[in-house]
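Chemist: Structure provided below as structure tokens; questions to follow.
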Amino acid sequence: MTKTKENETNSFKGVPMELFDITFNFGTFADTSATFEAVSDKGRAFIASLLGSAAVGGTLPKTRGNDLMIFAQRKGLTCQSLAS
């Protein structure tokens, strides 16, 4: 997801991506892991403070992904939760 496209939207909800700082994808019920990706500069700065300056996303077990989403929301970031 690049910032160069002016009208980039999330195909799942049709919502402009710039409304969110971090996007979480929890997959299907059978999946055991969740992925997360920083979409805004604020989200990238948050993830960089946790994982290092080169990180913009990653994969976690589902329970840890949920914990990270709650932690990010408590820090003032807006999160989007996706499921297949």
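Just so it is clear, none of the values below were taken in a lab; they were calculated from the coordinates. Model, not experiment: these values are computed from the prediction. FYI the Cβ positions are ideal-geometry reconstructions off the backbone, even for glycines, and counts take in every protein chain you see.
Chemist: At R0 = 35 Å, how high is the FRET efficiency between Gln73 and Ala30 if r is their beta carbon distance? Nearest 0.05 is fine.
Modeler: The value I calculate is 0.85.
Chemist: Could you give the distance between the Cα centres of segment 66-84 and segment 15-62, to the whole Å?
Modeler: 8
Chemist: Multiplying the sequence separation of Ser53 and Leu19 by 0.36 nm and subtracting their Cα-Cα distance, what value in nm do you get? Provide the component values of the computation, followed by the final result.
Modeler: Working: separation 34, 0.36 × 34 = 12.24 nm, distance 2.26 nm.
That works out to 10.0 nm of additional length.
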